[in-house]
Each structure stands twice: as structure tokens, then as C-alpha cells.
Amino acid sequence: MSLMVPCPRCGPRPQEEFTFGGELRALPAEDVDDFARVYLRRNAPGPQPERWFHAFGCRRWMSLTRDTVTNRIDPDVTPSGG
Amino acid sequence: MGDALRFEGRRVAVEPGDTVASALYRAGVRTFTRSLKYHRRRGLFCMTGDCPNCSLNVDGDPGVRACTTDARDGQVVLRESGWPSAEHDLLHMTDRLRRFLPVGFYSKTFIRPRFVWGLAERVIRRATGVGRLPAGRAAGAKPARAVHVDLLVVGGGVAGLAAAAEAGAAGSRVMLVEERRLGATVWDARAVARIEALAQEATAAGVRILERHTAVGVYEGPFVPVVGPDEVLHIEAARVIAATGAVEAHAVFPGNDLPGVFLSRGAALLGVRHGVRPGRRAVVVATTDEGRTSAEALRSTGVEVLIHDGPVIAAEGSGRVRAVIIETPSGRERITCDTLVLSLGWAPRDALLRMGTDQEVAGAGEVVIPGCSLEEAEASGRRAANGRGEAASDVPTVPLASDGYVCLCEDVSLHDLEQAWDEGWRSSEILKRYTTATMGPCQGAVCGRPLAAFAGARADAVATAGARTTARPPARPIPLEDLAAGVDESIEQRTSLHDRHLELGARTERSGSWSRPTTFGDIEQEISAVRHRAGLLDVGTLGKFLVAGRDAAELMDRVFPVRVRDLAPGRSRYLVALDGAGYVMDDGLLAALDRGRFYLCSTSGGAPAMEAWLRDWIDRWDLHVHLLDQTAQLGAILLAGPNARTILERLTGDDVSAGALPHMRHAEITVADVPCRALRVGFVGEVGFELHHDRSRGPELYDALLEAGRPEGAQPFGLGALDTLRLEKGHLYLGQDTLPDDHPAKLGLQWAVAMDKPGFVGKPALERMRALPLERTMVGLRIDGEPRRGIPLLAGDRVVGRVTSSARSEAAGGTIALGWIRAVDGAFPTELFAGGSRTTVVPTPFYDPEGARVHA
């Protein structure tokens, strides 16, 4: 398998350069027990918001939407602020 | 004397444009290989690299197809199949023993009694096979290179070149790969001229054309690995056009595998392109226009040609074609000849198209319109370039006769298929697995359609039974070593002291991606130096981060369980990093700097993940933090031992006394003119100074420390000594001693977790787990025996845990270890056995439990 990830800083780069950060989910309130967030994954087919880290590139995070069935990535990628 | 290759000790002249096959054929070679199972003679058939018949050993490489390999002066060519030789093969008797070697015989004969198979397998393996692997040659020598293009065109014929030229002219970045040289497998001069013209047009349009490059398959992406003579390309293409053409259909009839049976393109290539007459008298059975045209071309080379369009009943001959029986309106006719030329239809080379069904792969030219004219092929290519590829046309298969070989690679006859069918293997996919038809080097290029037709004709009840078998990479045979291309290109990280270590005689090891010294000679002596005098350890591999910005303290406080708010500048604390589930990911040191900044050290292996982890939280919480990864920028040397301070004082004017710089404090000092951040740490259990410095100053600092340390008996040490030194202190190696689901309580690290902080990553999980009984814990062990790592710990006859680290320790007086144990009936056992030795759970540290030496 090979996938091109449209890094907003480096342009489209092969997926091997990236670290997958999992599904993007809302942050829980600080003191709430985040059992579901920690242990449960939605794992649903279709478009999924995700986190990707460009480990062998700009070393920055981004948020993007990938279709888990077709592996198509929405070109509209949000770069991280960090 | 002109060019010549050496064939089995014999000199064979090479003409310009020759392939190995055409040169050998001109020299009278007719038997090129012996078939896999029955050792039947096989000769040239397709001349386009689509069948297995001409696989020879060329310059030591086995399984090289002679028909697509350019002949060169000095080449050494051998036939590998057959014993004692391909020409006089005694194993040919297997052809007479066919009824004792039925299809799938290896699955049902020689299997009882069991030991027989071991012997039989050795014999079978020696008797079969298409070549021997070259011994003693390293694989994977080719580099792998990543290429990104808008369009990849596979196949440099008329359609492929037209597609590439069209797309290139429209501004796309286009790469075209051709398995051979452009035009080398085309016999028609008109087609060759068109290919040359289109190649010029494509080159002018900026298309990169790579000859002798073979596309192996289509993977998700689309991603196409391409094997070239000196490299393997990993091609990421937005679009792929397969213009791989077609081969003439394989016909199944008795004698269809005899030398002298040719596909018409193969015969024409030999006669027209290479000037080698395939025979004196040829029967051409052609149902296609091209077949009739090529027959005329063959006639012009001086071959006596008899053209028929009726079905072939059989070819006769022993060892080569002597006569052909054909069906004519007036009945069956037997014609004496030495060559049989077939053009009975098409077999598109559609493997890439079928692999890429859900990818952006379009077909152009003969692969979708078999037998099309040059003009049609060109138009089809241009259409495909403009995104209007066509669906593959239906290709009628050649009717199967009464017997004959379906699969030339694996020696599977129609008779074998019928027998397998009768045994109950009733679809193309399971016939394939049972008979191994389509599983040879040609990957079903020749036999895929006949196999499907065989099953389809018999299984009308189940529609899928007669389907083509799934196309999988590799589409074309490639050397095994090409699959390993690029795998050795791993990155070895080195610190600035690497060369110094080698000069000092260090034996190095890979630790993660780093090359680090194991020892400089004697591990015991290195341990002794640290305990009694002083030692130097390169710790430049540690993760080193500068954390700055308005929210730096908030980030540290919320990510890590360590207490941060009361950490004054100049002080440092041990920290563990927890994930959301409360499991320990990494550990390290957090040092508070001035102006609200922090200096964070992680383990060497954990540095990349630590950076990603922190950046994720900075982003998710929208904090104002600057994180600077200084791992590669800074070096670090640990100077530890009772004499460490004396040595350091010789090189610095700064106050490094126990009062000025106590344990777990740090200061900016100058050592031998090198500015350093000196951190007091105690991983090895002695007075320790970690000197973090600019990487470029590393060697001079190291030299100065070695020099100043010599009178004090200081010496460099490596990971071997470190392993025992830290074990004597009961310090964990994360990853070696720990498991992925270890939370701090299991490791005895509760003291490093400030549960009264308002919140940190993993805190809710730790609170939840605090309510649960501890089922597993990390303990110190004393073993009455030799140190052994990884062995089970037994309580009675029950396995209750495992030893994760162990060493013989002089300081602790015996064999010590760390390991984890499970609770038995709610309590942790204390008397155990490890590898037959009595083992006792003891408190850690094993050495200097009060820590007096660290604080000195």
C-alpha cells in the first residue's frame, strides 16, 4: 500500500514519512474519566478526521480527513499550530 | 573475429541486434530448456519474454529469458535444466512414467511412511527446477529510488508512446517504462518507424523514457514498483496507463510444446529482425490478419510457407516438429514440415489492469483492443492520455483440443487438468492451486485464459468457476534480489564521539538507530573504574529538548505527572511520561531553566516519539510553547565515579562542589573552554555530571576529560558496563524491563507521580486503576546461579513471571536481577526458581540503598 499525504508545509509526500496519530476526537474536560477516548475506537468505514505527524519532514502535526474505505485524503488539510 | 558469446564452452557468433536467443538459434540450438516435470524439450516460442521456454543461465544469473536479453561479446551462457545436460537428458524418462506421476502426485505419493517424503523431496527438488541460485553473492545491491509523476505509462509501443507524448504535451510530468529497448519486440518495419517517430515526439514533450525497466505490479496509490538494470524505482503516479500490448494466444493440442512450434510474431521476429530462418518448411495456421501478413514476411526470408486457417489437430515429432495434422474442409490432412507457426487470436498482457481494478489504471492499445492497427493503437493511446481509456474487449479463447500442454512453466497438460477436475477441484482458482498451472514464471500470461476456458466449459452451474484467476504481483518475473532493493538503506546515527570511540578500540552495537560503544575491552574493569575511580560514557544519544514560551510550564504540568510548579530554576526532577491509559511510555529528566524555560531529556530511543507527543498536545491545547529538539545539536558526556568531581575541577573554574552543585541540580559551566550545561544525575549510582555541550565541541571535551582523568584512573565505558551499573541501582530500562501496559505502580514508580496535581495526561486512568488490585509488579531478585535474561520465574511448578535483566554483580556480591511477577492468590510470592536456581525477591537498590554515594 502506498498513500500520498498532502502535507500543508512540504507538499504531497509518501505516507512512509509520516506517523499516524489516530482518529481526531474532541478533547475531554480535564478531570473527566476519558475511558472511551483512551480505549475505544470508532473504527467506522468512510470519511474520518485524523491526525498525522510528518516525522521525516517538517516534524509537525496536521489534521485531515481520510476515507477509510478508499484511502482518499481530502486536500483540505489543517496544519498544526505547534 | 566478430563478437561472440560462449555457450556451454562453444563459441557462438553475435550479429548486431541479436538477442541471446537469436544468436543461439542461428548457431543451431533448438532445445533451450527441459520442462519442469517431464523434462520435455522446449524451444523458442514467443520471442517476446512471455513464455518460460528460453530461460537460461546468463553470466551466472539463473532464469534469464534469452529472447529478451541482448547478446553481448563475451557473455557466458548455459542451459541449466536436464541431467546430465539439456541436450541428453536422462530424466526425460519421467515423460514415459507419466502415469506414475499424476497431477498433484507430491501431495499423495511418497507420504507414507513419513520418512519417505524427506528422501523423495530431495530427489524431486534435484530433478525439477529451472536453475540454481548463485552461491555467495550478496542480494539487494540495487538502490531503491522514489519517483513522483502525474502519469506513468507502462509499455513503449505505439499506444504507450502516443499516450505519453499526448500527456507530456499537455504539461503533465510523464514517465514511460519499457521492458526492452523501444521497438525491439516488433517485427514490422512500419511499426518500428512509427515507434521511433513517436519516441521523438514524446521526448520533445518532456517525457522521461526508461528502457529495460519492468513494471512489477500495481499497488494502492497507484504505486508501481519498477525494476531496472541498476535500480528499483518506487513510482507514485497520479495515473497509470498500461500499454503493455498482447501476445498471441496459446493453443492447446497434442504436441503443442514441441520445439519448432512458434507464435507468428516470434517466427517473424526471428526471420525478419534477426535474419534467422525459424525452419525450412513452415505450416502457418492463422485466423488473424496479422498472422497472414507475417506469414508473407516469413516467406520473403526464404522459408517455404503453407498457410491454413483450419484448426490444428496435433503436431507430431519426437524432440521437434516433423509434421502437423490440420482440419481442412476435405478432412484431416497430415503435412510434413519442421516449423509450425500459430496466429489464432490474442492474449492481452492485462495483469497490471486486473491488479489495479480500483486504481487509476487505464489501458491503451492492444491490451484493450487486441490485434488493432497502428493507427487504432495511436488513437487509443491519445484517448487514454486525455482520460478516456476504453474498456477491455472480450477476447475469444482458442478451443482446446484433446490433449496438449496448457501451462508450459509448470508442465500441466489438459490431461492433468481433467484428472484434477475428476478429483473434485472444480474452479479455476482451485485448479490453479492443485495443479500449479499459471503459477510459473510467466504468471499465467500464456496459460491463464486456457485454464479459465477449461473450467468455464465444464462448470456452467457456477459462473465464477471459469473466471480468470486473481492477478497478483509480480506481473513479470524478476530476480528475487530485486525485491530486497533498498532494504539496507537504514540510517545509522552517530554521535560526534564515534571516531574517538573507534580509536580507543570500542566494540560498537546498534541501539535503536544509534551506533554506540558496548565496551572498550573489559566490561568488568569498566564497572570497577566507575565504582572506584571514574568513568566516561557518551550519552549524546539522549533526547534533548528546549521548552520555552509563555505556556511552557503549563504544558509540562499538564502532560507529565511530575510536579512542575515548585521546580525552581537550577533544579531538576526525574519524570515518567504516561499515555492516556496511564501506561509508562518513556522516562527522563526535567530541568527548570531561567525565564520559565525547561530542558527536557528523554531516553535515546524515545526522543522522536517524545517530540511528536509534546507537539500534539501543544497543538490540541492551543498553547503558546516553542519546542526545540536539540537531540542532534547537542552532545552529552557522563562523567561518573568517586573521582568525577576532582577531574572536573581540574578543567573548570566554576564551583562544582557538593554544596554548589548537589545531586539533581544543574548549572551552566565552562569545562576545558567548552560551554556546558552540567546536570547532576545518578543513573549509575555514583557522583555523576552529565555535560551537555555543542556537538561540534564534543571530541575536544572528551579528550580533555580523558586527559584530566588519567591520573585519577578514569576510563571510558560502554553499554555493557552501564547495564550492570544501573541494575545494581535497580534502575529500569524502559522497553527491556517494562511491558507496554505497565503503569507506575507496577514498576514501583508511584513516587514520581503527583496524584494531587489538578490534572495530567493519564491521571483519570491511574485513578481508575488505583481501585483495582495490583496483579503484576516489578521486583528485585537475587539468583543463586548464573545470570540469565528472559527466562521464566516459577513458584512451585507455576510460571509466575519473567526475568527481564540480570547480571553478576561484584558490588552486590552475587547474581542480581530485575523481573516481573504475578500475584498468586492475592499475594506476590517471594521464593522462586529461575532456570533451576533458587531465586529470592529482595528490595532494590542492590547497591548503596541509601544513595550516599550519589549525593556525595
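Read the figures in this text as sums done on the coordinates, not as results from a lab. Nothing here was measured: the structure is a model prediction, and the numbers come from that model. When we count neighbours, we look across all protein chains shown, and the Cβ atoms used for this are built from the backbone with ideal geometry, even at glycine.
Some notes on this structure:
- Partnerless Cys - chain A, beta-carbon criterion under 4.7 Å: A:Cys58
- Contact order, relative form, for chain B: 9 percent (alpha carbon pairs under 8 Å, 6 or more residues apart, mean separation divided by residue count).
- Subtracting the Cα-Cα distance of B:Thr830 and B:Glu87 from 0.36 nm times their residue separation leaves 259.9 nm of extension gain.
- Shape category assigned to region B:40-97 from the gyration tensor of Cα positions, a/c cut at 1.5: oblate
- Per-residue ³J(HN,Hα) for region B:638-654, Karplus 6.51 cos²θ - 1.76 cosθ + 1.60, θ = phi - 60°, Hz, x for Gly and Pro: 8, 10, 9, x, x, 9, 4, 5, 4, 5, 5, 5, 5, 10, 9, x, 7
- Other-chain or far-sequence residues with amide H under 5 Å of B:Thr815's (modelled H): B:Ile783, B:Gly785, B:Ser809
- Each principal axis of region B:166-254 carries a Cα extent, and these read 51, 33, 25 Å when sorted largest first.
- Convex hull of Cα atoms in the protein assembly as shown, direction-averaged projection (nm²): 48.6 nm²
- Look at B:Trp425, B:Trp346 and count the other Cβ atoms within 10 Å of each Cβ; fewest to most, that gives B:Trp425, B:Trp346.
- Note: relative contact order over region B:219-272, using C-alpha pairs below 8 Å and six or more positions apart, is 23 percent.
- B:Asp70 paired with B:Val842, simple spin-label distance in nm, labels 7 Å along Cα-to-beta-carbon: 7.4 nm
- 13 Å beta-carbon shell around B:Leu749, net charge (K/R +1, D/E -1): -2
- Counting only Cβ charges, +1 for Lys and Arg and -1 for Asp and Glu, the dipole size of the protein assembly as shown around its Cα centre is about 1900 debye.
- Region B:524-577 and region B:239-306: distance between their alpha carbon centers, rounded to Å: 76 Å
- Built amide H within the under 5 Å cut-off of B:Ile791, gap 5+: B:Val803
- Footprinting exposure proxy ranking of B:Val625, B:Val64, B:Val261, fewest other C-beta atoms within 10 angstrom first, gives B:Val64, B:Val625, B:Val261.
- For the pair B:Asp703 and B:Asp741, the difference between a 0.36 nm per residue extended length and the Cα-Cα distance amounts to 9.4 nm.
- Estimated FRET transfer efficiency (B:Met755, B:Arg145; beta-carbon r; R0 56 Å; 0.05): 0.60
- Amide N proximity, region B:41-67 versus B:Asp3 label position 7 Å along Cα-to-Cβ, cut-off under 16 Å: B:59, B:66-67
- Average Cα contact separation per residue, region B:590-692, under 8 Å, 6 or more apart, as relative contact order %: 22 percent
- Karplus-derived 3J(HN,Hα) values for region B:481-487, using 6.51 cos²θ - 1.76 cosθ + 1.60 with θ = phi - 60°, are 5, 5, 5, 8, 4, x, 5 Hz; glycine and proline are entered as x.
- Overall form of region A:33-82 per C-alpha gyration tensor (a/c, 1.5; a/b vs b/c): oblate
- Packing, as the average of other Cβ atoms within 10 Å across residues, places the peptides B:374-384, B:513-523, B:29-39, B:795-805 in the order B:29-39, B:374-384, B:513-523, B:795-805, highest first.
- Bins of 5 Å from zero: percent of alpha-carbon pairs in region B:141-298: 2, 9, 16, 17, 16, 13, 11, 9, 6, 2, 0
- Region B:287-435 shape via C-alpha gyration tensor axes, a/c threshold 1.5: oblate
- Options B:Leu417, B:Gly60, B:Ile195, ranked by Cα towards positive dipole end of the protein assembly as shown, top entry (Cβ charges): B:Leu417
- When the alpha carbon coordinates of chain B are projected onto the principal axes, the ranges are 115, 69, 61 Å, largest first.
- For region B:708-832, a simple Cβ point-charge model (Lys and Arg +1, Asp and Glu -1, everything else neutral) yields a dipole of about 260 debye relative to the Cα centre.
- Of the residues B:Lys763, B:Lys142, the one with the fewest other Cβ atoms within 10 Å heads the list, and the complete ranking is B:Lys142, B:Lys763.
- Per residue, the convex hull spanned by the Cα atoms of region B:541-659 measures out at 127 cubic angstrom.
- Taking the Cα centre of region B:192-333 as reference, the dipole from Cβ charges on Lys and Arg (+1) and Asp and Glu (-1) amounts to some 500 debye.
- For B:Ile235, nonlocal amide neighbours, meaning residues 5 or more places apart or on other chains whose placed amide H falls under 5 Å from its own, are B:Val147, B:Val224, B:Val226.
- Remark: mean inter-chain Cβ contacts per residue of A:35-42 equal 3, using a 10 Å Cβ-Cβ cutoff to other protein chain atoms.
- Potential lengthening of the chain between B:Ala197 and B:Leu719 amounts to 181.4 nm, from the contour at 0.36 nm per residue minus the alpha-carbon distance.
- Between B:Glu423 and A:Glu23, the simple label model (points 7 Å from Cα in the Cβ direction) yields a spacing of 4.8 nm.
- From phi via Karplus (6.51, -1.76, 1.60), per-residue ³J(HN,Hα) for region B:380-386 in Hz, x at Gly/Pro: 5, x, 5, 4, 4, 4, 8
- The spread of Cα positions in region B:634-744, taken along each principal axis and listed from longest to shortest, comes to 46, 29, 25 Å.
- Point-to-point label distance, B:Arg181-B:Ala323, nm (Cα→Cβ direction, 7 Å offset): 4.3 nm
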